[in-house]
1. Once you place label points 7 Å from the Cα toward the Cβ at residue 80 and residue 238, how far apart are they in nm?
2. What spacing in nm lies between the two simple spin-label points modelled at residue 125 and residue 171, each 7 Å away from Cα in the Cβ direction?
3. How many Å² of accessible area per residue for region 158-219, probe 1.4 Å?
4. At 0.36 nm per residue, minus the direct Cα-Cα distance, what do residue 248 and residue 216 gain on full extension? Give it in nm, one decimal, please.
5. Between residue 223 and residue 196, how high is the FRET efficiency from 1/(1 + (r/R0)^6) when r is the Cβ-Cβ distance and R₀ = 35 Å? Nearest 0.05.
6. What ranking do 75-84, 51-60, 266-275 get when scored by the average of other Cβ atoms within 10 Å per residue, highest first?
7. Summing Lys, Arg as +1 and Asp, Glu as -1, what charge do residues with Cβ under 10 Å from the Cβ of residue 155 carry, residue 155 excluded?
8. By a straight-distance test (C-alpha under 30 Å), which lysines pair with residue 187 as possible cross-link partners, with residues fewer than eight away in the same chain excluded?
Amino acid sequence: MTDQLISMVIACTRDCYDTCIFDENYKPLNIFPINGFTCARGGRADLIRNERNRVTSAYIDGKEVSIDEAIKYVAKLFREVIKRNPARILRTDYDGNQGLLTWYFPDRLFNVVGASQTDRSICSAEGHAAIKVHYGTSMGALPEDFIKYRAAVFWAFPASVSAPHIWALFIKKFKVAIDVRLSDTAKKSDRAVIVKPGTDVFLAIGVIKVLIEEGLVEGKVRHFEELADYVGRFPLDYLSRVSGVSVDDIRWLAEFYHDYKPLTLIGFALGRSLNGGDAIGMISLIPAWSALRGGVITTRTPWVGGE
C-alpha cells in the first residue's frame, strides 16, 4: 500500500459511501476496502462523460468568461452581501459531500464570512441523534470490522447498487434485506422482509418483543424493565398488522438476530420517512439486546445507510 500511495492519488467525488481512490492512470487501488474495482458510474466512466456535452467555461449572465473573471465576480457579490448582512448567504449541501475537500474545507470560508448554513438534517441528523440517545455516540462499525461478521441486515439500505464495496464484503455471507419494496438488494439477499412504508419502528418493536418473550436477550441494556414494559404493550398480531410483516417473519427475524448477531446497516432514506428517527433509534437497540456492541451503521457515516 505504501508504494502505491507514493504517486498521486485521485478520489472519486460521487455521492456514495465507498469513496473510491485511483492512481494517476485512474486505476482503482488494490487496497482494502476498494480492492481494485469501482462501480459502473465512477472512475474511468467519468473520463468518457467528461468529454461529452460538458460546460467547459464559466458564464456570467449567459456570457462566457474566464475562470479568473468568474471568481472575481463571485467575490464581489460576496463582499456586497457581507457588508449588509452575511446571514443572507446560505450554503446548502448534502451528505453526499462528506470528503475533506467537498465538505469540511469549504466550511472554513462560510464560517469566516458568517454565512447561514443548514443543520444537514435533511439527510442524517435525526438518525445520528436517535442512535446517540442510546449509545452516547453515533459511531458504529468501520469497514475493517465488516469482515468479522457472518451475516448482515440491510435495513432500507440498497447496498447492491449504491455501495458495491460494502456489498462485496458480504457477498458470500447470509444477507437479509428489509425494505418497502422488492429492491435489487432484496432480490439478491438470502431473505427479504417487506415492510409497509413508515412502519419500520413497529417491526423493530416486534423483534425486541420476541427477543424478550422467548428469553433470547443476552445483552446488558439499561432501563431493561422500562423497555420491556413499553414493547409489552403492543400485541404481536397488532405489530404484524401495522407493519405488514407476518408474525412468523417477525419471530424469524428476532431469532436470526439472536443466532447470527448480524451487522445492521441502516439507510439514510429511513430517516426521511414517517417516524424515521424513532425507527432508527429502535432498530439500533436490537443488536444491544443480542449482546452485540457497535453492530449498527447508518450510511455514509460510520454507522452506514443508503438512499
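1. Computed distance between label sites residue 80 and residue 238 equals 6.1 nm.
2. 3.9
3. 39
4. Extra length from residue 248 to residue 216 when fully extended: 9.9 nm.
5. Result of the calculation: an efficiency of 0.75.
6. Top to bottom by mean Cβ count within 10 Å: 266-275, 75-84, 51-60.
7. Counting the neighbours of residue 155, the net charge comes to -2.
8. Reachable lysines: 148, 172, 173, 175, 196, 209, 261.
The values are calculated or read from the model by the stated rules, or taken from the named source; none is laboratory data. In this text, all values refer to a predicted model and were calculated from it rather than measured experimentally. Heads up, the Cβs are rebuilt from the backbone with ideal geometry, glycines too, and the neighbour counts pull from every protein chain shown. Heads up: the accessible areas ignore ligands, DNA and RNA and are worked out on the full protein's heavy atoms, side chains in. Shrake-Rupley method; radii C 1.70, N 1.55, O 1.52, S 1.80 Å.
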